[in-house]
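Engineer: Here you go, one structure.
FYI, it's all coordinate maths here, none of it is from the lab. Note that this is a predicted model, so its numbers are computed, not measured. Every residue, glycine among them, receives a Cβ derived from its backbone with ideal geometry; neighbour counts consider all protein chains shown.
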Amino acid sequence: MSETAVSIDWDRANSEDEEENYDDDEEDYSSPAQSSPRPPPSANFEKDRHLVYLEMMYELLPYHYQSQEINRLTLAHFIISGLHFLGARDRIDKDVVAKWVLSFQALPSNRVSLKDGEFYGFFGSRSSQFPKDENEDFLTHNSSHLASTYCALAILKVTGHDLSTIDSDSLLLSMKNLQQDDGSFMPIHIGGETDLRFVYCAAAVCYMLDNWSGMDKEKAKNYILNCQSYDGGFGLIPGSESHGGATYCAVASLRLMGFIGVDLLSSDSSSSVIDPSLLLNWCLQRQANDGGFQGRTNKPSDTCYAFWIGAVLRLIGGDALIDKIALRNFLLKCQSKYGGFSKFPGQLPDLYHSYYGYTAFSLLEEPSLSPLCPELGLPLFAASGI
Amino acid sequence: RTLDRELGNMDTDETLPLSQRSEWSDVVPLTQDDGPNPVVPIAYKDEFRETMDYFRAIYSSDERSPRALRLTEETLRLNSGNYTVWHFRRLVLEALNHDLYQELEFIESIAEDNSKNYQLWHHRRWVAEKLGPDVAGRELEFTRRVLSLDAKHYHAWSHRQWALRALGGWEDELDYCHELLEADVFNNSAWNQRYYVITRSPSSGGVEAMRESEVSYTIKAILTNPANESSWLYLKALYKDNKELWISDPSVSSVCLNVLSRTDCFHGFALSTLLDLLCEGLSPTNEHIDSVRALATEEPDTNLANLVCTILGRVDPIRANYWAWRKSKITVAAM
C-alpha cells in the first residue's frame, strides 16, 4: 500500500495509480462473503462502520501491511486523522500518540552537524531507526524522510500538540538540503526521486510550522509551473502526463506558498501564474459518467481522486460545478461493508482509500464529518490550530 | 535452492529461516525497538520480522559483503518499498564493484512481482546512469516490456522519458507512440509522449515544424473516435502558443463540423472545441451555425456560443453545471 500522497506511491498495484481495473488491493484476506452476490450499496455514509474499521486498525494492523512498514507514520496519520474527521478524537490517547510521534524525530547532536547536508526530519518507522551511538553521540543512519515529516506534523497538529515545542530550526534549516537547483525536492538526503510530491510536503511542513526558511519558494514555484501539461493538469515531473495527485500537489503548494489566492477563477486570469480556465476544464473533465473521478484522461474512476481533484476544485473556486450527487453515488459504491473505502466499487478497503474517502465526503459536506482544510488535507480545526 | 536442500546445505539454503542458516550464525539479529506504547503496531509475520532483524544487524554494523547483498535481495522481496534497504544495497554494490548489468536483471526480476513502486525505479535509474549511453536501448526495451503489460504505467513512462533525455534513442519514439495508439487510441499516456517527443527531442523542429503532420495524424484519430478526449486535447495543444492560427486553421474548424454532422457519435468534444474557438474570437460561418442548430432541440439561441452551451448541457449532463457556468461567462466578443 505504498499509497498515500505523502509517501505518495500512487502508482502501486495496491494503490493509487490504478491502472488495470480491479487489481486486488493489499487486504487480500479472503472472506466467504466474496462469493455471495453483492448487496446494494448503502445510501448513507456509514460513520459507525468506519469507526469500527479505524479502531480495529489502530489496535493492530494486519500482516498485509508489513510491506508498508517503512511508512508506518503514514498509516498512523490515516488512522488518527481519519478518527478526527469522524469526530472520534476521544478514541485515542493524545499524549501517548504525541510522545510516540516525537520519538521519530531525527535530532542533530549540535548546530555544526546541521551543515553536514543531512535532513533532520522524522523517520517513517522504527525499522531503521537506531538509538544514538552511546560513545559518539551522533545519529547513525539518519534516514528521516520528508513525507514522514509531513505525516508526523499532521498527527501532532490533529491531536492538538503545540508545534512550537519541537525543534523546528534544525528541521527547517536542514530541509533546504533537500531542495534541488530546479526547485524540486528529494525526500531523503541519501538520495531519492525528485518530483512534485515532495515540493508539496516541504510547503506543507513550512506552512504548519509557519516558517518558510526551509525552502526557496520562488524556485519551487518555477518547478511547479514547469510541471503543467498541455491540457491544463500537472504531471509529477516536467513532461509527465497530467495526473490528479500531481495536480493536487501543484495547486495546494501554490496556495500554501501564497502564489494563488482564493477564488482564482473569478480573478483576472492574465495575472495568474497558472492557466486557471484550462486547469478548471481538465479537473471537471475528470468526472466520469459513473460519477467518480479518474486520475488521468481515459482511466477508470478511483475513490481517492474525489479528494485530489475535488480539493483542487475547492481551492480554485470551482467545486460547485461538479455533479455532487453522481460523485456521492460512486463513492457509496466504494464504501465497504466492513468500513473504510476501496478504490473501485465492490473491492476490499484499504487505509489510503479510506482516508481519502473521508476527505472526499468532507468536501461534499457530509454532516457527520469535520470540515476539511483542502490545502493540507487535514481537518480544518487542526489547520487553524484550535 | 532445491539442490541446497537435498544436500542438506544449511549454509545458504534460503528456504530455511535465517537463524538456522550456518552462514549467518555469527550475526546477532537486531530486533526492532518499538518502544513503550507503540501506536498502530503491525502484526508482522515471523519471516518478515526475522529478515528485518538480520538486515538491521548488517545495516547497523555496515557490513558490505556478498552475503549482505543477498540479504538485501531477500529483504526487498518482502518489502520492495523500503528505501533504506535499497540505499544500503547501493552501498554494497559499490563496495563490491558488483556487475551492474546483473543488477539490471535483478531489478527486472523484482519488477515482475511489483513494478509500481518509486524505489525500484529510482534504483533502476541509478544503475542506468552509471552504465551510461550503452544501455539506452536496454532501458527503452525494458520500459517497452513493462508498458506491454500496462500501457499507462506511470513509472515506466517517467523512466522512459528520462532515458530518452539522458541516454538518447529518440529516433523511433513517435513510431512507438503510434504503435501504442493503434492498439488503443484512448491511451492518454501515448498522446502525452507524442507531445514530449515533438517538444523535447533534439532532432524535432519543435511544435512549429511538426504541426502540420501532427494535426493530420490527430484529425485521423479524432474521426475514428470522436469520443476520445485525448485526441482533442492533443489537437488543441498543437496550437498552444498560437491562438490566432488555431482559430484560422481550416483543419480545426472542419474536424468540428465533420463530427457534428455525424449522427452516430458523441458530439461533446466537438462542441466544446467549437465553444473554445468562439470564445477565442472565431467568427462563425453559416456552416457552423447550421450544424449547431441542427443539434438544437429547443428554440435556438441567436447567440451561437450560448446555444452550444445549452446543447452541451444536454449531451454532457454530468458537466451540466459547468456548461451553464461557461454560458454565463460568454463575453460580447464571442457573440
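Engineer: Can you give the Rg/Rh ratio of chain B, where Rg is from the C-alpha atoms and Rh is the Kirkwood radius? Intermediate values should be presented prior to the final figure.
Structural biologist: Working: Rg = 28.8 Å, Rh = 24.6 Å.
On the Cα set of chain B, Rg over Rh gives 1.17.
Engineer: Here is a further query. Under a plain spin-label model, where a point goes 7 Å from the Cα along Cα-to-Cβ, how far apart in nm are B:Ser261 and B:Asp26?
Structural biologist: Going from the B:Ser261 label point to the B:Asp26 one covers 8.4 nm.
Engineer: Within straight cross-link reach of B:Lys152, meaning Cα distance under 21 Å, which lysines are found once same-chain residues fewer than 8 apart are removed?
Structural biologist: Result set, ordered by chain and number: A:Lys299, A:Lys343, B:Lys116.
Engineer: Give me the Kirkwood hydrodynamic radius of region B:247-334 in Å, from all C-alpha pairs, to one decimal place?
Structural biologist: About 12.8 Å, per the Kirkwood formula over Cα pairs.
Engineer: Separate question: Sort A:Cys227, B:Cys309 by Cβ crowding within 10 Å, fewest neighbours at the top.
Structural biologist: B:Cys309, A:Cys227
Engineer: Turning to a different aspect of this structure: Would you grab the residues whose amide H sits under 5 Å from the one on A:Phe185? Only those 5+ places off in sequence or on another chain, please, with H modelled 1.01 Å from N.
Structural biologist: For A:Phe185, the qualifying residues are A:Gln180, A:Asp195, A:Phe198, A:Val199.
Engineer: Under the rule of at least 5 residues apart or a separate chain, name every residue whose amide H is placed under 5 Å from the amide H of A:Leu378.
Structural biologist: Residues meeting the criterion, in which the H sits 1.01 Å from N, are A:Cys373.
Engineer: Lysines within cross-link reach of A:Lys221: Cα-Cα under 25 Å, excluding same-chain residues under 8 positions apart?
Structural biologist: The reachable lysines, counting only those whose Cα sits under 25 Å from A:Lys221, are A:Lys176, B:Lys240.
Engineer: How shielded is A:228-236 by partner chains, expressed as the average number of their Cβ atoms within 10 Å of its Cβ atoms?
Structural biologist: Mean inter-chain Cβ contacts per residue within 10 Å come to 5.
Engineer: Further, regarding this structure: Using just the alpha carbons, could you tell me how many Å³ per residue the convex hull of the protein assembly as shown encloses?
Structural biologist: Convex hull of Cα atoms, per residue: 168 Å³.
Engineer: Once you put a point 7 Å from the Cα of A:Phe130 and another 7 Å from the Cα of B:Glu298, both along the Cβ direction, what distance in nm separates them?
Structural biologist: 7.2 nm
Engineer: Which residue, chosen from A:Leu107, A:Pro238, A:Gly258, occupies the Cα position most advanced towards the positive end of the dipole of chain A, where the dipole is computed from +1 (Lys, Arg) and -1 (Asp, Glu) charges on Cβ about the Cα centre?
Structural biologist: Towards the positive end, the residue furthest out is A:Gly258.
Engineer: Right, another one. To the nearest 0.05, what FRET efficiency results for B:Glu287 and B:Ala209 with a Förster distance of 35 Å applied to their C-beta separation? Write out the running numbers ahead of the final one.
Structural biologist: Values: r = 31 Å, r/R0 = 0.87.
My answer for the efficiency is 0.70.
Engineer: Please give the FRET efficiency for A:Asp210 paired with A:Asp93, using the beta carbon to beta carbon distance and R0 = 22 Å, rounded to the nearest 0.05.
Structural biologist: On the way: r = 27 Å, r/R0 = 1.22.
Working from the Cβ atoms, E equals 0.25.
Engineer: If you don't mind, another one. Tell me, what is the Rg over Rh of region B:15-98, with Rh the Kirkwood radius over Cα pairs?
Structural biologist: Across region B:15-98, the Cα-based Rg/Rh ratio is 0.97.
Engineer: What ranking do A:Ser143, A:Ser213 get, fewest neighbouring Cβ atoms within 10 angstrom at the top?
Structural biologist: In order of increasing Cβ crowding within 10 Å: A:Ser213, A:Ser143.
Engineer: Modelled label-to-label distance, A:Ala320 and A:Lys176, 7 Å Cα→beta-carbon offset: nm?
Structural biologist: 4.4 nm
Engineer: Check the straight Cα-Cα distances from A:Lys337 and name the lysines below 21 Å, setting aside those fewer than 8 residues away within the same chain.
Structural biologist: Straight-distance partners of A:Lys337: A:Lys47.
Engineer: Give the long-range amide H neighbours of A:Phe341: residues separated by 5 or more places, or on another chain, with amide H under 5 Å away, using H modelled in the peptide plane at 1.01 Å from N.
Structural biologist: A:Ser336, A:Asp350, A:Ser354
Engineer: If the viscosity is 0.692 mPa s and the temperature 37 °C, what translational diffusion coefficient in µm²/s does Stokes-Einstein give for chain A when Rh comes from Kirkwood over Cα pairs?
Structural biologist: 157 µm²/s
Engineer: Also, I was wondering about something else. Using helices alone, what [θ] at 222 nm do you get for chain B, with -39,500 (n - 2.57) per DSSP H run of 4 or more residues, divided over all residues and rounded to the nearest 500?
Structural biologist: For chain B, the value works out to -20000 deg cm²/dmol.
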